[in-house]
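Data block below; observations after.
The values are calculated or read from the model by the stated rules, or taken from the named source; none is laboratory data. These figures come from a predicted structure and were not determined experimentally. Note: ideal-geometry Cβ built from the backbone for every residue, glycine included; neighbour counts use all protein chains shown.
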Amino acid sequence: MRRIAAFTAGLLILGACEGGGGVVATPRSIPRDPPRLVANEFALQPFTDCSDVLSYLKSNALSQVTAWGLGGMPWPWMEGDFMMRAAAQEDTSAAPLAGVDYSTTNLQELGVDEPDIVKTDGHLLLAVAQGKLFVIDVTGSQPTLLGSLALTTGWGHQIFLSGDTALLMATEQGPMPLGFQESDVGVMAPWWGTPTTVVSEVDLSDPTDPTIVRTLRVDGTMLSSRMTGTTARIVISSFPTGLHFVVPEGGGLRDESKALAENRRIITESVLEDWMPYYVLEDNERGVTTEGVLLDCGRVAQPPEYSGLSTLAILTVSLEGGIRPADSFGLVADGSTVYGSTGSLYVATQRWVDWQALPASEVDTVAGTFSSVIHRFDISDPAFTTYRASGRVPGYLLGQWAMSEQDGFLRVASTTESPWTGFQPGRTQSLVTVLEEIDGRLEVAGQVAGLGIDERIYAVRFIGDTGFVVTFRQTDPLYTIDLSDPTRPEVVGELKIPGYSAYLHPIGDGLLLGVGQDADENGRVKGTQVTVFDVSDPESPRQLHKMTLANGYSEAEWDHHAFLYWPATGLTVLPVQTWSPDGSDYFAGALGLKAGAQGIEEIGRLEHDWAKQGWQAPIRRALVVGDSVLTFSELGILTSDLSGLGQQGWLQF
C-alpha cells in the first residue's frame, strides 16, 4: 500500500465603536478609481491527459527548484468552514424543527451546512472534546451521556450530522523526521510529515455504541467543506508528496551545485504519483481497502496564471452511499477562500509569487496590483461537480463572508493590500465588485471602489440588496452599500467610530449586533465590544449602544460558529475571556445578553468550573434545545434555563 504522503519542506458585519454616537458621514464621491484589470482571460484551462499534467508540473518546478528543494510553497490557509443539517428525519411529524425547537450551527447561507465541533438534531448532541466524540441525549433538562468514541488519529475534528450518520473530518500529521540521511551527492532533507485529511463515517444507529464504519484518508489539508442535503463537498489543498530532495552537505558553491543538480534530476525523473494527492479508503466492516490517485487527469485544470505547485481538490462524498469518493475535480493552484450557496461552490485563487525573491523595490508594486481569481462550480448535481466560469477581482478576500450570491450575481468584497507583505500606507483601498456569469466568464457587472483608504477590511456581510463593509486602522468606517442595481453598486452611508466589529448579526427591526474590539484614538484595541447599530436607514447608520469588556476577547470575533442568537426570545450568548491587568481577576465563560433598541442588558454569566480543577474551561459553543440553553466546553455540557439562564443540569465529560 502506498503510504499517504511525506513531503520535504524546501446576517451582517458592522463596525464597533468607542465613545458616544460616532459621526455619520454624508455619501461621498469615490476618491480613487478601481485598479485596471485585463479582461476575461481567467478561465481554467483543462489538461489534455496525464502527460500534459506531468509536463506542466515538471517545467514549473524546474524553473524554481534550488539546492534546498522547492521553497516558497506556503502551508494552506486553514479556514474553518462548517455545515448545517439539511436532511429530514423519516418521521417528520415527531422530529424537532430546526430554528424552532433547537438551534443549528450559525451559518452563512440557509440550507448550506458547515461543519463544527458540536452538532445537534434536537434529540442527540454530538461534541468533540478530550480526544473523543461524545453522543449525548439532550431531550431533557439534564443531558445524559449515551456513548463515546475515542478519536485515535487526527486533530481539529469537525462534524456533519445527517440522520443516523455523522461525518468526522480531521487533520492527521505524518511522522516527524528522525534526522538527516547522507546520499552520494549531499544530505537527504528530513522527511517532514505532511498533513492528511481524514474523513470518518460514524454509524449512530445505536447511539450507545457509535462506530466508525469507513475511513477515507487523502493527502493534504482541508481548507473548507459544505453540505447540502446528504452530499458533502470537501476542498483539500495538498503538496507534492513523492519528491525527496537533498540539501548541500557543506556550505560551498560546489556542494550547492551538486545538490541543485540532484534535485533537478529528482524532478525530471518524477512520475505523476509523486505530485497528485493519493487516497486510501478503508471499509472497517468488510476489511476492504481501496486506494489510488484521487484525481483523474481529465478532471484537472490550471488557472491561466501560474498559481503554485499545490493541488486543490474538490471532493464529493455522499452520506447516503458511504464516503467513497463519488467525484473529484482538481486545480493546480494554491487556494485561500471557499464560499458555497445551495447550487454553487466558489474557490478563490491567486497567482504564485516568491515574495522573498522579489527585489525590495518591487514588493509594494506587486502587492498593490495583486488580484484574486474566482472560479464557480455548479454543485446542483449531488454526484458531480461541474466547472462553469471564472472571473477576477482586485486584491485579496478576507474570508468566506467576502462573497455572497444572489439572483445570479456574485458580490465580492476585497482589499488591494497583500496580507503577506504588511501595511503599505497610501496604497490600500477596498472594493465591492459584482460579477455576472456570461458565456463561461464571471464578468464585472458593477463595482464601487475607494472604501477604507489606507485601511483593510475587517468584516463584511451581504443581506439582500444591502452590503455592509467594515474597514479599520485607527477608526472603523461602517459602509452601507446599495446593491439593488447590480450594475451600479453605490455607497450610501458611512459611520466612523473608533474600534471595529469582526462579526455582525441582524437582530430584527433594522438593527445589527456587532462583536469586535474597542480601540482608542490611535487604533490600539482595548477589549471585546458588543454594539447595537440602527441600519434601518442605510444612508444614516447609527450606533445606539455599546458594551465593552476590558482586556477581553471572544472566539466569535474570528469564528462565527461561536455566536448564538435565538430570535424567539432575543437571547444572545457570546463566549468571552477577560482578565485584569494584574492577573487577579480572570473570567472564561459566556455572557447571556439581551440587546436591542433600548440597550444591552447582561442577563447572566455562564461558567464551566464544576470539575474542581482550579481553572475555568473556556466555553466554545452555545445552542438552544427546547427550553434550555446548552453550553459546551472541554469539561462538559451545561444546561441552563432559556428565560433566566439558571442552572438546570451538568454533564461532565
- prompt: Of (1) in a strand (DSSP E or B); (2) at pLDDT below 95, Gly251 satisfies all except one. Which?
  reply: (1)
- request: Could you grab me the full set of residues in the stretch 559-587 that are more than 23 Å from Ala459 (Cα to Cα) and either in contact with a Cys (Cβ under 9 Å, 6 or more places away or on another chain) or outside any loop (DSSP other than H, G, I, E, B) (or both)?
  value: Trp579, Tyr586, Phe587
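Does Gly229 count as modelled with pLDDT under 85, over 23 Å from Thr349 (Cβ atoms) and not aromatic (Phe, Trp, Tyr)?
For Gly229, the condition - modelled with pLDDT under 85, over 23 Å from Thr349 (Cβ atoms) and not aromatic (Phe, Trp, Tyr) - is not met.
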message: So, Gly163, is that one within 26 Å of the chain's Cα centre (by Cα), more than 27 Å from Trp68 (Cα to Cα), small (Gly, Ala, Ser) and modelled with pLDDT under 95 or not?
response: yes
task: Read through the list (1) farther than 12 Å from Gly467 by Cα; (2) touching a Gly at 6+ places or on another chain (Cβ under 7 Å); (3) at pLDDT 90 or above, then give the number of the only condition that Val432 fails.
output: (1)
- prompt: Going through the stretch 541-556 one residue at a time, which ones are in contact with a Gly (Cβ under 6 Å, 6 or more places away or on another chain) and on the phi < 0 side of the Ramachandran plot?
  reply: Pro541, Gln543, His545, Thr548, Leu549, Ala550, Gly552
- line: The number of residues in the stretch 517-558 that are of a type outside the set (A, V, I, L, M, F, W, C) and in contact with a helix residue (DSSP H, G or I) (Cβ under 6 Å, 6 or more places away or on another chain) is 1
- request: Answer yes or no as to whether Thr289 is part of a strand (DSSP E or B), surrounded by fewer than 18 Cβ atoms within 10 Å (Cβ to Cβ) and either of a type in the set (S, T, N, Q) or at pLDDT 95 or above (or both).
  value: yes
message: Checking the condition closer than 30 Å to Gly408 by Cα and part of a loop (DSSP other than H, G, I, E, B), which residue from Ser501, Ser536 passes?
response: Ser536
Unique match (being touching a strand residue (DSSP E or B) at 6+ places or on another chain (Cβ under 7 Å) and either at positive phi or aromatic (Phe, Trp, Tyr) (or both)) among Gly287, Gly229, Gly322: Gly322
query: Mind checking which pairs have a first residue in the stretch 306-320 that is surrounded by fewer than 21 Cβ atoms within 10 Å (Cβ to Cβ) and a second that is of a type in the set (D, E, K, R) and not in a loop (DSSP other than H, G, I, E, B), Cβ under 8 Å, 6 or more apart or different chains?
result: Thr316/Arg233; Thr316/Asp327
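To keep it simple, each residue is scored yes or no on (1) polar (S, T, N, Q); (2) surrounded by fewer than 16 Cβ atoms within 10 Å (Cβ to Cβ); (3) modelled with pLDDT under 95.
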residue	(1), (2), (3)
Gly527	no, no, yes
Val532	no, no, no
Leu544	no, no, no
Ala562	no, no, no
Tyr565	no, no, no
Val576	no, no, no
Gly583	no, yes, yes
Trp615	no, yes, yes
- prompt: Which condition number does Thr639 fail, the rest of (1) within 30 Å of Pro498 (Cβ to Cβ); (2) crowded, with 18+ Cβ neighbours inside 10 Å being met?
  reply: (1)
field: Single residue of Thr466, Thr471 found to be among the hydroxyl-bearing types (Ser, Thr, Tyr), closer than 23 Å to Leu110 by Cα and touching a Ser or Thr at 6+ places or on another chain (Cβ under 9 Å)
entry: Thr466
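Pick out the one residue from Ala590, Ala595, Ala556 that is in contact with a His (Cβ under 8 Å, 6 or more places away or on another chain) and either outside any loop (DSSP other than H, G, I, E, B) or surrounded by 15 or more Cβ atoms within 10 Å (Cβ to Cβ) (or both).
Just one listed residue meets the conditions, Ala595.
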- request: Among the numbered conditions (1) within 21 Å of Glu602 (Cβ to Cβ); (2) surrounded by fewer than 16 Cβ atoms within 10 Å (Cβ to Cβ); (3) modelled with pLDDT of 90 or more, tell me where Glu539 comes up short.
  value: (1)
task: Look through the stretch 292-305, keep the residues that are outside any strand (DSSP E or B) and in contact with a Phe, Trp or Tyr (Cβ under 7 Å, 6 or more places away or on another chain), and return whichever of them is surrounded by the fewest Cβ atoms within 10 Å (Cβ to Cβ).
output: Pro304
message: I want to confirm something. Restricting to the stretch 256-271 and keeping residues that are of a type in the set (Val, Ile, Thr) and part of a helix (DSSP H, G or I), which single residue is nearest to Gln64 (Cα to Cα)?
response: Ile267
- request: Starting from the stretch 57-80, keep only residues that are closer than 18 Å to Leu331 by Cα, then list their pairs with residues that are of a type in the set (Phe, Trp, Tyr) and at pLDDT 90 or above whose Cβ atoms are within a distance under 9 Å, requiring at least 6 positions of separation or different chains.
  value: Leu57/Trp275; Lys58/Trp275; Ala61/Trp275
field: Residue that is nearest to Thr385 (Cα to Cα) [pool: residues in the stretch 312-340 that are of a type in the set (A, V, I, L, M, F, W, C) and not in a strand (DSSP E or B)]
entry: Ala326
